[in-house]
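Undergrad: Below: one structure in structure tokens.
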Amino acid sequence: MESLYAITTGVLSACGLYLILRGRTFPVVVGLTLLSYAVNLFLFSMGGLTTHGAAIVDGKTSYADPLPQALVLTAIVIGFAMTAFAVILAMRARGDMGNDHVDGGRGRDDREENRR
């Protein structure tokens, strides 16, 4: 089970990093979201994977640690707010500049027209 979590975390991190390095805003937003999912999965797996663990400590059985679950829940809420802000910011930049390039630069056609 731990190897499945590790592979999934690695794949999500790699895909998120690849999309963050793209030149358009929508893939960057999706990449940030995938990277936040990878971090959430990493935080959740650091708490230890216990199956059939009790939620409340009674002292007799093994229990599930509630701290990683609370951290992941908080990270999900913060990630959702960050994604919503990034989408609104990208929409505003697209409206103001007329394109969705991350660097705010012009497209290839505009550069070729300026060279002439």
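Residues are listed down the side, and each one gets a yes or a no for (1) open to solvent by less than 60 Å² (accessible area, probe 1.4 Å); (2) modelled with pLDDT of 90 or more; (3) polar (S, T, N, Q); (4) more than 12 Å from the chain's Cα centre (by Cα):
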{"position": "Met1", "(1), (2), (3), (4)": "no, no, no, yes"}
{"position": "Asn40", "(1), (2), (3), (4)": "yes, no, yes, no"}
{"position": "Thr51", "(1), (2), (3), (4)": "no, no, yes, yes"}
{"position": "Ile56", "(1), (2), (3), (4)": "no, no, no, yes"}
{"position": "Ala70", "(1), (2), (3), (4)": "yes, no, no, yes"}
{"position": "Ile76", "(1), (2), (3), (4)": "no, yes, no, no"}
{"position": "His101", "(1), (2), (3), (4)": "yes, no, no, yes"}
{"position": "Gly105", "(1), (2), (3), (4)": "yes, no, no, yes"}
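Undergrad: Follow-up question, since we're still on this one. Go through the residues of the stretch 19-29 one by one and say whether even a single one is farther than 19 Å from Ile88 by Cα, open to solvent by 40 Å² or more (accessible area, probe 1.4 Å) and at pLDDT 90 or above.
TA: yes
The values are calculated or read from the model by the stated rules, or taken from the named source; none is laboratory data. Everything numeric in this text was worked out from a predicted model, so none of it was measured. Just so you know, the surface numbers come from the protein's heavy atoms only, side chains and all, with ligands and any DNA or RNA stripped out. Shrake-Rupley method; radii C 1.70, N 1.55, O 1.52, S 1.80 Å.
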